[in-house]
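The values are calculated or read from the model by the stated rules, or taken from the named source; none is laboratory data. Model, not experiment: these values are computed from the prediction. Backbone-built Cβ (ideal geometry, glycine too); neighbour counts: all protein chains shown. These accessible areas exclude ligands, DNA and RNA; they are computed on the full protein's heavy atoms, side chains included. Shrake-Rupley method; radii C 1.70, N 1.55, O 1.52, S 1.80 Å.
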Amino acid sequence: PAPATPPGPSAWTALRTLKAAVAAVLLAVAAVGVSPARAEGGGISMYFGQGCFWHVQNELVNQEIKLLGRQGADITALVGYAGGNDVGEKGQVCYHNPRNAPDYGVMGHTEVVNVVVPEDKVGDFSKVLLDYAAKSTFGRHDPQDRGPEYRSALGVPGGIEGQTFKEIQKVSDKRLQFVKGDGNDGDTLLSKMIWVYDTAKFPFYQGEVYHQFHDDMLDRYPESYHQLRIDGLKAGNIKIVDCPDVKVKFQ
């Protein structure tokens, strides 16, 4: 038989298009499978990244308590990952691990904390983290953590073109540089830059149970804070994700 004719340029283009479509489907499926805590009436589901997610979660929990009057299982702040262009074959996005499970850093994601905020409180709620980023020489709390996995990030519906971002931009008072994120973006250390992601394109992937309501590297939080992990599990707000995890107290 005659030798097979190698595929032409149009065939390669079609193949690349197909691969991109499959990746988009995987991202969408994964986002549905590990969706964050429920959105309340009029609530905006959004995420923040600013170095290690342990201290960011604590800061946002404090804001939920002080500004929104939430307690216990009503707390919505959960740690996880976002901002990458890839996920695992089963839609997983996992912490660094020795079991070859899909690594968030390898796939271009950064550590973030997702939270649900009433629409009319978005600006006030965001201000504490924005103020810190603007005042800090390093742009974040923990400059020892370096690399794209710790870049500053903001995920909101509609991204940098959306109405939610416009509300946040008002309270930033032009002290920060907001840049549209394309996924797999670089570190922001020693800058005032924050990558802005559209949560429809770059959804939040909840992290492992072990990382929820965890002590920071330098700061130790009260037992009442750690109890929020148990409250969230019992209420079904924290999901068991398909990733290697560390055994923690469940009850």
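In Å², what does the accessible area per residue of region 130-251 work out to with a 1.4 Å probe?
Values: 6230 Å² over 122 residues.
Per-residue accessible area for region 130-251 comes out at 51 Å².
In the assembled protein chains, LEU228 presents an accessible area of approximately 20 Å² (probe radius 1.4 Å).
Of all accessible surface on region 126-245 at a 1.4 Å probe, what whole percent is carbon and sulfur? Mind showing how you got there, number by number?
Values: 3000 of 5700 Å².
Looking at region 126-245 in its full context, I get 53 percent from C and S.
Using a Förster radius of 22 Å, what is the FRET efficiency between SER191 and GLN163 based on their Cβ-Cβ separation? Nearest 0.05, please.
On the way: r = 26 Å, r/R0 = 1.19.
For R0 = 22 Å, the calculated efficiency reads 0.25.
List the residues of region 112-146 whose backbone N lies under 14 Å from a point placed 7 Å from the Cα of LEU218 along the Cα-to-Cβ direction. Counting only backbone N, you get 136-146.
Rounded if a/c is under 1.5, else prolate if a/b is larger than b/c, else oblate: which is region 127-235, with a ≥ b ≥ c the root eigenvalues of its Cα gyration tensor?
Details: a/c = 1.77, a/b = 1.39, b/c = 1.28.
Since a/c reaches 1.5 and a/b is larger than b/c, the shape of region 127-235 is classed as prolate.
Using a cut-off of 30 Å between Cα atoms, the listed pairs LYS135/LYS234; LYS135/LYS180; LYS66/LYS239; LYS66/LYS135 include LYS135/LYS234 as exceeding that distance.
Within a straight-line Cα-Cα reach of under 14 Å, LYS90 can be paired with the following aspartates and glutamates, leaving aside sequence neighbours fewer than 8 residues apart in one chain: ASP103, ASP242.
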